[in-house]
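Asker: Once you've had a glance at the structure underneath, I'll fire off some questions.
The values are calculated or read from the model by the stated rules, or taken from the named source; none is laboratory data. Fair warning: this is a prediction, and the values are worked out from it, not measured in the lab. Here the Cβ is made from the backbone with ideal geometry for all residues, glycine too, and neighbour counts use every protein chain on show.
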Amino acid sequence: AAERATLSVRVDEPQWVINRNIYGQFAEHLGHGIYGGLWVGEHSTIPNVRGIRKDVVAALRQLQIPVLRWPGGCFADEYHWRDGIGPRDQRPVRVNSNWGGVTERNAFGTHEFMDLVEQLGTQAYVSVNVGSGTPQEARDWIEYMTSDSQSTLANERRKNGRDRPWKVAYIGVGNESWGCGGEMRPEYYADLYRRYSSFIRLADKHAKRYASGANSSNYDWTEVLMREAGKLMDGISLHYYSIPNGRWHGKGAATGFGEDQWASTLKNTLKMKTMLDRHIAIMDRYDPDKRVDFAVDEWGTWYDPEPGTNPAFLYQQNSLRDAIVAGVNLNLFQAHGDRVRMANIAQMVNVLQAMVLTDGPKMLRTPTYWVFEMYKVHQDAHALPIRLDTPDYHYGDVDIPAVSASASIDAQGRVHLSLVNLDPKRSIRIATTLSGSHATQVSGRVLTAPQMDAHNTFDAPDQVHPVAFDGAALKGQSLSVQLPAKSVVVLELR
Ligand code: AHR
């Protein structure tokens, strides 16, 4: 029998603004995330602007990236910013001990990152070193980047080629301080957060300061941080990755998997909902006015590395399954958008759930890229309340809702509806009521493919890409949608 779902969207009751930063990205000095993927150097035969790849920037600009987190990740807590300024041929060479022990020549430093930020038209989110740095080093970096004064640090920036100060919109105070950032206890980190953030604020009053938040379901971390330092922070983060087998050793392959791993990956992805609900409930107790942002500043799929690649480089293919994971997570962030005001998928280029993959001069857009491109219509729109009654998708011991949905209304009054079918075999008819809608037209695009692990390759880069969707019919306030199996659909009603 055909599967059926019902959805009601209250078009005339707009809620919170969906912060565009939910569509944020993350780029770490890890594998080819920066070197090769973004930075090729001015003398490369790969077309570039001041060393930054033109093809990758052009592709990423299409996503309207709102914010970019850098330089890590674990790398941030062993990064010393002075290594990455001044003449490139005189910069020190370090060992990237977190990510394969490879040589870090520091060719890509503060000026190169800020150039990338400007080329992308995005905002900077800089993670400062708490684990192996000092408050002085952190505040000096901020002064170097943002001061308009005639201080020695501001003039050093000018001497290095940048006259005007840059804007640093967000500062991350350490990264995973419970793990690679220093194996700290929350009480200890809360005190360090207070100390670092005081001096960071002296250097720049405008940057928002985000505390290093919990590892997935470690609610105690959020509790202690909110209790001990909540009043001094502008945001706190969460890191949670979707891993098919749910364990760090033998995670599961990025392609060539069976339905068992499709189902378990999506089941694990949906745990994000519980984590958001529970961390936010803790935040609400300490901050009922919702002043403090919740930033899921690392999320996405994490698989076994591609065979034949350096396992420390976290390079993985990206398939239709990743597109489904992206759609489900973005719908969840929007549904919690009165508190979730940033999210940064890990990572933008060549690492984990990437937007683009590169191989020498070649580049491809992943299925995840296309979800971000389809969903960008939600950026800064008002969320709309929805009620969804969906059948379940069953496989083995997995029993999860088959449909995920989200809706928003933009400044021009256009309604966008994003729908994801998690079931790889059954299409679902969704009977939708759009109360308060005056729309007369519906159009949209769909992202799907015949195989669960369909993906783009350098030889066939357009296997998975969105096409026009003809499965929606609008009659007054009733919208009928035939949602294909394993698909992401974004509709526009006007
Ligand atoms: O994104 C890869 C790594 O995952 C980051 O460096 C770290 O913060 C997390 O454990």
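Asker: Return yes or no: is residue 470 surrounded by fewer than 21 Cβ atoms within 10 Å (Cβ to Cβ) and closer than 24 Å to residue 363 by Cβ?
Answerer: For residue 470, the condition - surrounded by fewer than 21 Cβ atoms within 10 Å (Cβ to Cβ) and closer than 24 Å to residue 363 by Cβ - is not met.
Asker: Tell me, which residue of the stretch 67-109 that is crowded, with 22+ Cβ neighbours inside 10 Å and of a type in the set (Asp, Glu) is farthest from the ligand (Cβ to nearest atom)?
Answerer: For the stretch 67-109, the residue satisfying everything is 104.
Asker: Taking the stretch 226-263 as the search range and keeping residues that are hydrophobic (A, V, I, L, M, F, W, C) and within 16 Å of the ligand (Cβ to nearest atom), which one is surrounded by the most Cβ atoms within 10 Å (Cβ to Cβ)?
Answerer: Among residues in the stretch 226-263 that are hydrophobic (A, V, I, L, M, F, W, C) and within 16 Å of the ligand (Cβ to nearest atom), the one surrounded by the most Cβ atoms within 10 Å (Cβ to Cβ) is 236.
Asker: Identify the residue in the stretch 333-355 that is among the β-branched types (Val, Ile, Thr) and within 16 Å of the ligand (Cβ to nearest atom) and, among all such residues, is nearest to residue 20 (Cα to Cα).
Answerer: Among residues in the stretch 333-355 that are among the β-branched types (Val, Ile, Thr) and within 16 Å of the ligand (Cβ to nearest atom), the one nearest to residue 20 (Cα to Cα) is 345.
Asker: Can you run down the residue pairs with Cβ atoms below 9 Å, 6 or more apart or on separate chains, where the first is in the stretch 414-430 and under 22 Å from residue 378 (Cβ atoms) and the partner is modelled with pLDDT under 95 and in a loop (DSSP other than H, G, I, E, B)?
Answerer: Close Cβ pairs (under 9 Å, with a partner that is modelled with pLDDT under 95 and in a loop (DSSP other than H, G, I, E, B)) amount to 428/2.
Asker: Separate question: In the stretch 407-451, which residue that is buried (at least 16 other Cβ atoms within 10 Å of the Cβ) and among the polar types (S, T, N, Q) is farthest from residue 476 (Cα to Cα)?
Answerer: Among them, the one singled out is 448.
For every residue, the table says whether it meets (1) over 18 Å from residue 487 (Cα atoms); (2) at pLDDT 95 or above; (3) in contact with a Ser or Thr (Cβ under 6 Å, 6 or more places away or on another chain).
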position: 403; (1), (2), (3): no, yes, yes
position: 407; (1), (2), (3): no, yes, no
position: 432; (1), (2), (3): no, yes, no
position: 436; (1), (2), (3): yes, yes, no
position: 440; (1), (2), (3): yes, yes, no
position: 445; (1), (2), (3): no, yes, no
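Asker: Are any residues in the stretch 14-39 assigned to a loop (DSSP other than H, G, I, E, B) and either within 16 Å of the ligand (Cβ to nearest atom) or under 18 Å from the mean Cα position of the chain (by Cα) (or both), and if so, which ones?
Answerer: Answer for the stretch 14-39, where residues must be assigned to a loop (DSSP other than H, G, I, E, B) and either within 16 Å of the ligand (Cβ to nearest atom) or under 18 Å from the mean Cα position of the chain (by Cα) (or both): 18, 19, 27, 28, 29, 30, 31, 32, 33, 34, 37, 38.
Here is a yes/no grid of residues against (1) hydrophobic (A, V, I, L, M, F, W, C); (2) over 26 Å from residue 315 (Cα atoms); (3) over 24 Å from the mean Cα position of the chain (by Cα):
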| residue | (1), (2), (3) |
| --- | --- |
| 47 | no, no, yes |
| 59 | yes, no, no |
| 72 | no, no, no |
| 79 | no, no, no |
| 82 | no, yes, yes |
| 94 | no, no, yes |
| 108 | yes, no, no |
| 128 | yes, no, no |
| 136 | no, yes, yes |
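Asker: Identify the single condition in (1) assigned to a loop (DSSP other than H, G, I, E, B); (2) touching a Pro at 6+ places or on another chain (Cβ under 6 Å); (3) farther than 23 Å from residue 345 by Cα that residue 83 does not satisfy, given that it satisfies every other one.
Answerer: (1)
Asker: If you scan the stretch 117-145, which residues turn out to be farther than 17 Å from residue 68 by Cβ and assigned to a loop (DSSP other than H, G, I, E, B)?
Answerer: 129, 130, 131, 132, 133, 134
Asker: Is it the case that residue 376 is modelled with pLDDT of 95 or more, away from the ligand (no atom under 16 Å from the Cβ) and either under 15 Å from residue 23 (Cα atoms) or under 16 Å from the mean Cα position of the chain (by Cα) (or both)?
Answerer: Yes: the conditions hold for residue 376.
Asker: While we're here: Taking into account only those residues within the stretch 286-311 that are away from the ligand (no atom under 15 Å from the Cβ) and within 21 Å of the chain's Cα centre (by Cα), which is nearest to residue 354 (Cα to Cα)?
Answerer: Looking at the filtered set, the residue picked out is 294.
Let's see how each residue does on (1) under 30 Å from residue 370 (Cα atoms); (2) touching a Lys or Arg at 6+ places or on another chain (Cβ under 9 Å):
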site	(1), (2)
9	yes, yes
30	yes, no
49	yes, no
56	yes, no
67	yes, yes
98	no, no
106	no, yes
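Asker: Please go through the stretch 356-368 and pick out each residue that is part of a strand (DSSP E or B) and either within 13 Å of residue 455 (Cα to Cα) or within 16 Å of the ligand (Cβ to nearest atom) (or both).
Answerer: Across the stretch 356-368, the qualifying residues are 356, 357, 364, 365.
Asker: Now a separate question. So residue 148 ticks every box in (1) in a loop (DSSP other than H, G, I, E, B); (2) surrounded by 15 or more Cβ atoms within 10 Å (Cβ to Cβ) but one. Which box is left unticked?
Answerer: So the condition that residue 148 fails would be (2).
Asker: Hey, among the residues in the stretch 196-222 that are among the hydroxyl-bearing types (Ser, Thr, Tyr) and within 13 Å of the ligand (Cβ to nearest atom), which one's nearest to residue 150 (Cα to Cα)?
Answerer: 212
Asker: On to the next question. Residue check: is residue 166 in contact (Cβ under 8 Å) with a residue 40 or more places away in the chain, part of a loop (DSSP other than H, G, I, E, B), among the hydrophobic types (A, V, I, L, M, F, W, C) and closer than 20 Å to residue 294 by Cβ?
Answerer: No; evaluated as a whole, the condition is false for this residue.
Asker: So which residues in the stretch 170-195 are under 13 Å from residue 224 (Cα atoms) and within 12 Å of the ligand (Cβ to nearest atom)?
Answerer: 178
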